[in-house]
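Here the structure is laid out as structure tokens; the discussion comes afterwards.
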Amino acid sequence: MSLIAELQRRNVIRMAGLYLVGAWLLVQVAGTVLPWFSVSASVLRGLVVVLVIGFVPALAFAWIFELTPQGLRRDEDVPAEQSIAPQTARRMNRLIVAGLSLVILLMVVERVWFAAQRGTSDAASTAAHSAAKPEPPPAAAATDNSIAVLAFRDLSQSQDQAFFSEGMAEEILNALTRVKSLRVLGRSSSFQYKGKDVPPQTIGQQLGVAHVLNGSVRKQGNKLRISAALIRTSDGVQQWSKQYDGDIADVFDLQDSCARDIAAELDSALAGGQARLVDKATDNPDAYAKYIEAQQLVTRRFGDSLPRAIVLLDDALKLDPQFSRAWAKLAVAHAVLVQYAGGDWNEHWALAEKAANRAIELDPRSSEAYATIGYINLSRRRYLDMDQPAKHALELDPDDITSNFWLANQYASMGRLREAEKLVAHALERDPANPLVMFYMGNLKWIQGDYQGGRMVSQAAAVLGHPLSRLTLAYDLARRGEMVAGAKDFATAMTALGTRIPAADIETVFMAGAGGSAARARAATILDRHLDDEYTPTFLLMAHQPERSFALFERNRSGLSDAYYDWLWQTEDWSREARQHPAFQGFAKRIGLVDYWKQNRWPDLCSPTPENGPDAFQCR
């Protein structure tokens, strides 16, 4: 008998087929089920190795033994007339056919069902990462008195006045906001078209404005020319244009004349007897030029823009120590510097507070300075002192975007999410394409359970280039089962926020949020190596270690109160676990949260339980 015939008689070939089919099915099932229990990928690799090693022994077993009614016997000990190898062969054939049917079924499911799911997921991911701008949110109806002031072009001979030119446009924009009958869009929405050849009609449709103001600045020595043109967005026709010439010392008069002419052209009545739209901020033109450039750098935030702005503002204040607006802008720069560029929190808090107070001494109506004091008090954990100056800033200027945004930060940190969302919504009415405010709106919607709304706003913010929007989109990916992709997005966003923890470690921590005990243990081991990182208290929350998180945050004196507390109010299991942990009661009291809640308002998710003590509460 040939070897092939003997292999067939002893069912060795059938055993090979049955083993391979069974091993394939086992690996597929294990690969699907094991991640549910946060089992390491090394376990699956080990299973594959064992199955490969077991293949040859399985064939040898089939060669040596035969299954008989009396049990396993050596093949050579079974008489030919007593062998049931043919019946065993038929059973094995049926098992192989059944196994192959399962293989085909799983392949069909994977290719059809899971491919469809991946297609849906990829469509959402593409919307977030695509370079093409998504459909903008519905714009407000364009009224005749609505306008967007675009960034002015630099026509100076040396082409080195770009910041100054943008500053001129922003100053005129701010002046127009003082005309109550005008609807003026904010800087971020209007300036997004800088350097882009976008027709006025398109801008009007996207922003919901009836007019755009184009302009340019030519600065040479002490001479200054501001050119402005008002264009209708309905048909792209230039409605009005004018040039304003003078010395740099006349800059405030030039800006005021321009703003008043535009208001008159739009038939917008000025407040009764309003003499000026642009106040003379300083008598020193050089100080003002430095301030204008610094203002654009503070708005930019990233890279070395904040340190450069501080140098310019210090120089401006040496030229004019009575320059209130420069003091207020210096306060903002110091208040946010460490978060974006590093440094010592306490040092820059002190400098920011000093600058803000000096601005208020010189100008008691400096809303920017009051808003900064509120923000500093949040960062310094002076919670009882933060709301009053922030609210006063809004009383002075209800439409100021920064004041609305920073008070929203304060409310959200204290768990007052619904109030925070109203403030952010008001800021977006004024500046609908501001990516920072859009990110915060997306985050607020998400943590309150509006997953679709949070996703849509965050995708739009991501397309506009704001890296923090990836935080919300990371949770969205995880919620749809794409934990690996979500972890990568989360690591990208946290790196942009300034954590020094390697991206691969952050991904592991993110996976632990929805993982089992093994995943949490791995995350804890990683975080033990990074206890000096300012974001480790936050990551400990995600690793389901709230007690350690509270203790580390309490010792850590960084200025990340708002960033940390935002994580406490999420819908994730680990966030709910932290709020309901017994240690949260003492932590909230010691850190000052309970005193704030009792004086102001309790969080949306917590309520007092006076029957358990004067400071007791419960959270859901």
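Scan the range 560-613 for trypsin sites (Lys or Arg not before Pro) in coil per DSSP, keeping those whose Cβ has at most 15 other Cβ atoms within 10 Å, and list them by number. Don't jump to the answer; show the numbers that get you there.
Values: sites: Arg576, Arg579, Lys589, Arg590, Lys598, Arg601; in loops: Arg601.
Taking the range 560-613 and a limit of 15 other Cβ atoms within 10 Å, the loop trypsin sites (Lys or Arg not before Pro) found are Arg601.
Checking the cross-link filter: which lysines have an alpha carbon closer than 26 Å to that of Lys180, excluding same-chain neighbours under 8 positions apart?
Lys242, Lys280, Lys329, Lys391, Lys422
Between (1) 29.6; (2) 28.7; (3) 26.6, which entry matches Kirkwood radius over Cα pairs in Å as derived from the coordinates of this structure?
(2)
Give the aspartates and glutamates whose C-alpha is closer than 12 Å to that of Lys598, dropping any in the same chain fewer than 8 places away, or say none.
Asp615
Taking amide hydrogens as modeled 1.01 Å from N in the peptide plane, which residues meet the under 5 Å criterion relative to Ala616, leaving out close sequence neighbours?
Result for Ala616 returns Thr609.
Below 14 angstrom from the Cβ of Ser607, what's the summed charge of the other residues (Lys, Arg +1; Asp, Glu -1)? Display every interim value, and only then the final one.
Details: positive: Arg416, Arg579, Lys598, Arg601, Arg620; negative: Asp604, Glu611, Asp615.
Net charge around Ser607: +2.
When the accessible area of the chain is split by element with a 1.4 Å probe, what percent falls to carbon and sulfur?
Values: 15860 of 28560 Å².
With neighbouring chains kept in place, the figure for the chain is 56 percent.
From Cα pairs below 8 angstrom and at least 6 apart in sequence, can you work out the relative contact order of the range 514-607, rounded to a whole percent?
Value for the range 514-607: 23 percent.
Please give the per residue accessible area of the chain, computed with a probe of 1.4 Å over protein heavy atoms only, in Å². Don't jump to the answer; show the numbers that get you there.
Numbers: 28560 Å² over 620 residues.
Accessible area per residue, the chain: 46 Å².
In the neighborhood of Leu3, defined by Cβ-to-Cβ distances under 13 Å, what is the net charge if each Lys or Arg adds +1 and each Asp or Glu adds -1?
Numbers: positive: Arg9, Arg10; negative: Glu6.
Net charge in that neighbourhood comes out at +1.
Take each complete run of DSSP H in the chain, measure how far its Cα atoms stretch along the helix's own axis, and keep only those covering 30 Å or more with mean Kyte-Doolittle hydropathy at least 0.5; list them.
Numbers: long enough: 12-33 (31 Å, 1.63); 41-64 (35 Å, 2.23); 85-109 (35 Å, 1.20).
Span-like helices here: 12-33, 41-64, 85-109.
In the neighborhood of Phe152, defined by Cβ-to-Cβ distances under 13 Å, what is the net charge if each Lys or Arg adds +1 and each Asp or Glu adds -1? Let's see the in-between values first.
Values: positive: Arg153, Arg187, Lys194, Arg218, Lys219, Arg225; negative: Asp154, Glu166, Glu170, Glu171.
Here the count lands on +2.
For the range 563-584 and the range 407-429, compute the distance between their C-alpha centroids and round to whole Å.
19 Å
In terms of Cα to Cα distance under 15 Å, which aspartates and glutamates are near enough to Lys445, apart from those fewer than 8 places away along the same chain?
Cα-Cα hits under 15 Å: Glu419, Glu421, Asp476, Asp566, Glu572, Asp604.
Once you order the gyration tensor axes a ≥ b ≥ c over the Cα atoms, which shape class does the range 385-490 get: rounded for a/c under 1.5, otherwise prolate or oblate by comparing a/b with b/c? Could you put the intermediate results ahead of the total?
On the way: a/c = 2.64, a/b = 1.93, b/c = 1.37.
Taking the square roots of the gyration eigenvalues as a ≥ b ≥ c, the range 385-490 is prolate.
Would you pull out the residues with amide H under 5 Å of Phe65's amide H, same chain only if 5 or more places away, H placed 1.01 Å from N?
Close amide H contacts, sequence-distant or interchain: Asp75.
If pairing requires two Cys Cβ atoms under 4.7 Å apart, which cysteines of the chain are left without a partner?
Cys258
The values are calculated or read from the model by the stated rules, or taken from the named source; none is laboratory data. Keep in mind that what you see is a predicted model, and the values were worked out from it rather than measured. Positions of Cβ are backbone-derived with ideal geometry, glycine not excepted, and every protein chain shown enters the neighbour counts. Keep in mind that these areas ignore ligands, DNA and RNA; they rest on the heavy atoms of the full protein, side chains included. Shrake-Rupley method; radii C 1.70, N 1.55, O 1.52, S 1.80 Å.
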